[in-house]
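Where a number appears in this text, it was derived from the coordinates with a stated rule and is not lab data. Predicted, not measured: the structure shown is a model, and the values here were computed from it. Here Cβ is always computed from backbone atoms with ideal geometry, including for glycine, and neighbour counts include all displayed protein chains.
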Amino acid sequence: MPKLSEPQIEARKRLVEDAALAQFKTRGFHGTGLRDIAKEAGVSLGNIYNYYPGKEALFDSLLARLQADFAGGDSPLAAYFATCTFPDDLEALGHAIGGMVREHGDYLTLIYVDLAEFSGKHVRPHYASLQERFREALGARAEAPLPGGHDPVTAFLTVYMQFFNFFIVERMIGAQGHLGLDQDAAVAAIAAIFRRGLGPERP
């Protein structure tokens, strides 16, 4: 059999990973066998072992690919950072995160698979490095303390996670309107709460 070129190998791996994604989303990790994935992909079991030493390595490779897409240069968050004026643009940040949740449901579903079946082992490094990556993305804004002396990166990550959790509940869990507002109004309300605070500072 002729040796496959690098692009052909990558295409074959993509085929296998897409098949694995379809299986993991519906059957979970432990409920899916490599034979199920091979059948879904239309390849032999041995063909999968040519590229992955086992099922967990395949899961890890798939998750890494989806993570790269989630945070890549074409993502809504990347577009946000291109014109970022944080903390003056909280609504824009909220809508960018909403776009990420809308466009990357497959990745977010696999996060839940990882949490349920591996206690978050595979996604933990991604979240552990968020502060470092956001510090780099914010550039000079990361070095200028906010009013009250708050660290801008900590503030950004706090706002990011609030919007992220809001859209997870709205779109992944399906509890739309859970704040009693439509999504645009909810983004505006969350931004206003962060911008104004909940009351005077207490000693």
So, relative contact order of the chain in percent, Cα under 8 Å, 6 or more apart, is 17 percent
Under a Gaussian network model of the chain whose springs join Cα atoms within less than 10 Å, the largest fluctuation of Leu45, Leu77, Leu63 belongs to Leu45
At q = 0.17, 0.18, 0.33 1/Å the base-10 log of I(q)/I(0) from the Debye formula over the alpha-carbon atoms of region 73-119 is -0.58, -0.62, -1.10
Length gained, Ser129-Ala142, 0.36 nm per residue minus C-alpha separation, equals 3.1 nm
When the chain is treated as a Gaussian network with springs between alpha carbons less than 10 Å apart, the largest mean-square fluctuation among Gly148, Gly72, Gly98 is found at Gly148
Loop-resident GluC sites (Glu not before Pro) in region 94-162 with no more than 10 other Cβ atoms inside 10 Å, DSSP not H/G/I/E/B, are none
With Leu108 itself left out, Lys, Arg at +1 and Asp, Glu at -1 over residues whose Cβ is under 11 Å from its Cβ give 0
Per-residue ellipticity at 222 nm attributable to helices in the chain (runs of n ≥ 4 DSSP H, -39500 (n - 2.57) apiece, nearest 500 deg cm²/dmol) works out to -20000 deg cm²/dmol
Placing each pseudo-label 7 Å from Cα in the direction of the beta carbon, Phe164 and Ala68 end up separated by a distance in nanometres of 2.0 nm
Listed with the fewest Cβ neighbours within 10 Å leading, Thr109, Thr83 appear as Thr83, Thr109
For the pair Thr85 and Leu157, the simple spin-label estimate (label points 7 Å beyond Cα toward Cβ) gives in nm 2.7 nm
Averaged over all viewing directions, the convex hull of the alpha carbons in region 1-58 casts a projected area in nm² of 3.8 nm²
Protection proxy (average C-beta count within 10 Å per residue), highest first, orders 152-159, 173-180, 64-71, 118-125 as 152-159, 64-71, 118-125, 173-180
Semi-axes in Å, largest first, for the chain (Cα gyration tensor, √(5λ)) are 39, 19, 14
Filtering the chain for DSSP H helices with an axial alpha carbon extent of at least 24 Å and a Kyte-Doolittle mean of at least -1.0 returns 6-27
